[in-house]
Amino acid sequence: MELVNLRVKKQIKIAEDQFVLTLNSPSITKVAQAGQFITIKLNKNYDPLLPRPFSIHSVDRETGDFLIYYQVVGKTSKLMAELEPGDEITVLGPLGKGFNLELENSRALLIGGGLGQAPLRFLAEELQKKNNQIYMAIGARDQEGLKNILCFEESCQEINLATQDGSLGKEGLVTELLPQIIRDFNPKIIYTCGPLPMMAKVKELAAQEKIPCQVSLETTMACGIGVCLGCTCESTNSEIYPKVCTHGPVFWAQEVKLDG
Amino acid sequence: MGKVNLAVDIQGLRLDNPVLTASGTYGFGLEYSQIVEVCKLGAIVTKGLTLEPRKGNPGKRIFETPAGLLNSIGLENPGVESFIKDYLPQVKDLGPKIIANISGNTIEDYIELAERLGNQAGIAALEVNISCPNVKAGGMAFGISPQMAAQVTKAVRKSTTLPVLVKLSPNVTDITEIALAVEEAGADGVSLINTLLGMAIDINSQKPVLGNIVGGFSGPAVKPVALRAVWQVAQKVKIPVIGMGGISTWQDAVEFILAGATAIEVGTANFYNPQAPLEILAGIGNYCQERGVTAITDLIGLAWKER
């Protein structure tokens, strides 16, 4: 990990309140693993006070570029949306434990809900390099939440979509698509990132089918490096509260409670 | 213009400079040593240590407010034995003096912690936490009564030859009363302030945000309260005062020194600017140089001392 000031290279508006930010740091992209995150502190102001964590959306190890896909939800992301090329921000990373990438010449199912899609692109790109077949299932509230799905086209064999309002893909929750996909595709591993209820359902289905499953958690953090001990989740097999920043953000599904 | 002498002496605890990192905001220094030149710090104050390992509080532990941070970590730590065995060998090689912050449920706990840590190479002083707002037993209970605070201090004082600092709670009617009581009981210094008791409520769930309901409030928002406490205490006690509470910049640090602090601790600022302690160190050096101050100790309490 390193603490660096980086200049914004590019910012693209994907949809209403959704952006992809391009930053450049050859040293970060060189070591970054799919599922890891960075924190961003925009300026020296005290409100917002703390840096915010963002998963790494994709890296280009040749150019040193890496992408952050984010949605405007709070003070920091609102200010981030105003960033322009050349603006300087402070980045700490890469942080945390990424996805397990042992799978080779096999089949992986990736399930994203809302902005939970963000780390799955990097994951899909890494899995593809290991000659895996990848199926995606992405759910969102409406079609606005599915405006970035083209980024998965190169790495994935099939992309299944669901929206709660039925404006794109199947109407309903993405988890409703899963029994059929699992039957047809027979994945050897499942990865998921998104709202807790969605991940809890994925965990349940994966357990039923005895498929290993990894979940990527998100929570409030202060330091991002395991010092403040603030970003806990609940373990299923230990008295200790795991820290999302260092023990995660990626966990094996059976290791953590997902009931909020 | 010669070099400014930044060294300070807290009753035998000699520090190369007065910039310390506060307990609970720096772990044992190992994580930040990967991105910060921690060897330049005056000292590192460890995460609060207890006799037994503590798993900390359940539920949500941190919440940001405008210019502030609420936490209810609940003294999660590996316990003193694991600290000595698994961490101290690396920690003592980081460079700065290591001050062990200790916390107990009973006076006996504090005595045992002081004895256990007192004979460890690499521990330069103890900071006795009698002000943690996030644990049920002990913690702040010792820090809100002058008699109890004095008892703990006296017991620790007798149990170790190390310099003993006592960390005071701001959640009292008159902090100078507690400060005088621990001075009388043999403390070598007082550090203040610990966090202010606070809370937040989620208007969607209509429940408290923190799992522990209340938590300790820190960050830039508390600085004026902390500065006032240092100002008051420094004028009452003869022992050195270590000031903290929202210090984020060298200007903040200079204010605390002018208010009477011999040294300062940087806490929450580490989270939003890991370079803050070193920026503060450089800044106070420049400040002294520009004003022709040759020793940082000449600045202590200048805001109230008659000149």
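Laboratory data are not the source of any read-out in this text; all were calculated from the coordinates shown. Computed from a predicted structure; not experimentally measured. No Cβ is skipped: glycine too gets one built from the backbone with ideal geometry, and neighbour counts run over all protein chains shown.
Mind checking Rg over Rh on the range A:2-95, alpha carbons, Kirkwood formula for Rh?
On the way: Rg = 12.2 Å, Rh = 13.1 Å.
Taking Rg over the Kirkwood Rh, I get 0.93.
Are any of the pairs B:K60/B:K92; A:K9/A:K130; B:K158/B:K238 more than 26 Å apart by Cα-Cα distance, and if so, which? Let's see the in-between values first.
Numbers: B:K60/B:K92 33 Å; A:K9/A:K130 29 Å; B:K158/B:K238 20 Å.
The answer is B:K60/B:K92; A:K9/A:K130.
If you put +1 on each Lys and Arg Cβ and -1 on each Asp and Glu Cβ, how big is the dipole of the protein assembly as shown around its Cα centre, in Debye rounded to 20? Write out the running numbers ahead of the final one.
Details: 51 positive and 59 negative charges, 120 e Å.
Charge dipole, the protein assembly as shown, about its Cα centre: 580 debye, nearest 20.
State log₁₀ I(q)/I(0) for the range B:176-233 at q = 0.25 Å⁻¹ as given by the Debye formula over alpha-carbon point scatterers of equal weight, solvent excluded. One equal scatterer on each Cα of the range B:176-233 leads to -0.99.
Among B:V222, B:V36, which comes first, second and so on when ranked by fewest other beta-carbon atoms within 10 Å?
Numbers: B:V222 26, B:V36 20.
With the sparsest Cβ surroundings first, the list reads B:V36, B:V222.
Ranked highest first by the average count of other Cβ atoms within 10 Å around their residues, in what order do A:190-200, A:108-118 fall?
Numbers: A:190-200: 22.5, A:108-118: 25.5.
Per-residue mean Cβ counts within 10 Å order the peptides as A:108-118, A:190-200.
From the alpha carbon centroid of the range A:69-148 to that of the range B:1-63 is 36 Å. For peptide B:30-40, the mean count of partner chain Cβ atoms within 10 Å of a residue's Cβ comes to 2.
Only bridges whose two residues both fall in the protein assembly as shown count here: according to DSSP, what percent of them are antiparallel, nearest 5?
Values: 51 of 104 bridges.
Of those bridges, close to 50 percent are antiparallel.
Fewest-first ordering of A:E234, B:E183, B:E108 by other beta carbons within 10 Å of each residue's beta carbon gives B:E108, A:E234, B:E183.
Note on the protein assembly as shown: Rg/Rh from Cα positions, Kirkwood definition for Rh, rounded to two decimals, is 1.02. Shielding by partners for peptide B:233-241, expressed as the average number of C-beta atoms from other protein chains within 10 Å of each residue's C-beta, is 0. Applying both filters, DSSP loop and at most 16 other Cβ atoms within 10 Å, to the GluC sites (Glu not before Pro) of the range A:155-219 gives A:E209. Per the Cα gyration tensor, the range A:40-125 maps to an equivalent ellipsoid with semi-axes of 28, 15, 12 Å, ordered largest to smallest. GNM on chain A, alpha-carbon springs under 10 angstrom: the most fluctuating residue among A:P85, A:P94, A:P242 is A:P85. Over the residues of chain A, the helix contribution to mean residue ellipticity at 222 nm works out to -5000 deg cm²/dmol, using -39500 (n - 2.57) for each DSSP H run of at least 4.
Put simply, when A:48-59, A:125-136 are sorted by average Cβ atoms within 10 angstrom per residue, most first, you get A:48-59, A:125-136. Legend: ranking of residues B:R228, B:R61, B:R157 from fewest to most surrounding C-beta atoms inside 10 Å; resulting order B:R228, B:R157, B:R61. Annotation note: chymotrypsin sites (Phe, Trp or Tyr not before Pro) in the range B:236-307 located in DSSP loop regions with a Cβ neighbour count of at most 12 within 10 Å are B:W304. Within chain A, the cysteines lacking any other cysteine Cβ closer than 4.7 Å to their own Cβ are A:C151, A:C156, A:C193, A:C213, A:C231, A:C233, A:C245.
Based only on the alpha carbon positions, what is the Kirkwood hydrodynamic radius of chain A, in angstrom?
On the way: mean 1/r = 0.0541 Å⁻¹.
Answer for chain A: a Kirkwood hydrodynamic radius of 18.5 Å.
Based on DSSP H runs of at least 4 residues, each adding -39500 (n - 2.57), what is the mean residue ellipticity at 222 nm of chain B after dividing by all its residues, to the nearest 500 deg cm²/dmol? Mind showing how you got there, number by number?
Numbers: 9 runs with 86 residues, N = 307.
-8000 deg cm²/dmol, from helical runs alone.
Rounded, prolate or oblate: which fits the range A:107-216 when a ≥ b ≥ c are the square roots of the eigenvalues of the alpha-carbon gyration tensor, with rounded for a/c under 1.5 and prolate only if a/b beats b/c? Before the final figure, lay out the partial values.
Values: a/c = 1.55, a/b = 1.13, b/c = 1.37.
Oblate, because a/c is 1.5 or more while a/b does not exceed b/c.
Other protein chain C-beta atoms within 10 Å of residue C-beta, averaged over B:61-72: 5.
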